[in-house]
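Engineer: Dropping a structure here in structure tokens format, bear with me for questions.
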Amino acid sequence: MTPAATLAAAAAPGFLSPTGIEIAFLLVGIATLGAAVVTVTTKQLVHAALWLVVALGGIAVEYLLLTAEFIAWVQVLIYLGSVVVLLLFGLMLTKAPIGPSPDADSGNRWAALTVAVTAAVALVWVVVDAFRTTWIDLDGPVQGSTEVTGQILFRHWVLPFEALSVLLLAALVGAIVLSRKHKAAEQARAADDGARTGTDAGRTGKEER
């Protein structure tokens, strides 16, 4: 090995000497993964929404550790401040039960687990392959500035950005539709009960006569 190659190898970062930021990144990632697992395995819808807050908050912390401060605050404002609040409003509008919800389990756990593992492996493979030789200088200047991120977002990612807004609108409309259906069903049930009560009262009156 030539002296130049030796110096390059010595200067290149490695996994055997992690820094404090890298250790914190790993610990926060484990906590975020645990919160995500609890989110999809709990049978209580409200608890799932609250654990989703923890998972999304952990992702925001990961962005901060990667010096992407703008993306971290976008994560907090959009996902924690909008998506989770929208989910909670949906639960309130549909009058979801506070306790365990057996009806929330469709019985397709193995199919869902297969799809989730496949998607995770594909995502990790794509990210690792794309950034195999790319290293972020965590001690250097912030790389996720507003100017650079805005140019990339509105120049190359306009369609996904707009698709997200349509998704939020569809979720809100769906919650309203479900709540109206539930209210209509309750009114129909109350009308049936009233009709049955009136019929029973009429029969009682005839029998008394």
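The values are calculated or read from the model by the stated rules, or taken from the named source; none is laboratory data. Source: prediction; values computed, not measured. Calculation scope for accessible area: heavy atoms of the full protein, side chains included, ligands and nucleic acids excluded. Shrake-Rupley method; radii C 1.70, N 1.55, O 1.52, S 1.80 Å.
Engineer: Work out, step by step, the length gained on full extension between Val115 and Leu80: first 0.36 nm times the residue separation, then minus their alpha carbon distance; give nm to one decimal.
Structural biologist: Working: separation 35, 0.36 × 35 = 12.60 nm, distance 2.53 nm.
Gain in length upon complete extension: 10.1 nm.
Engineer: Just to make sure I understand: if all protein chains stay in place, what is the order of Glu62, Glu162 by accessible area at 1.4 Å, largest first?
Structural biologist: Working: Glu62 25, Glu162 95 Å².
Listed by decreasing accessible area, they come as Glu162, Glu62.
Engineer: For segment 32-101, take the convex hull of the Cα atoms, compute a quarter of its surface area, and give me that in nm², please. Please report the intermediate quantities before stating the final value.
Structural biologist: Values: hull surface 17.6 nm².
Averaged projected area of segment 32-101's Cα convex hull equals 4.4 nm².
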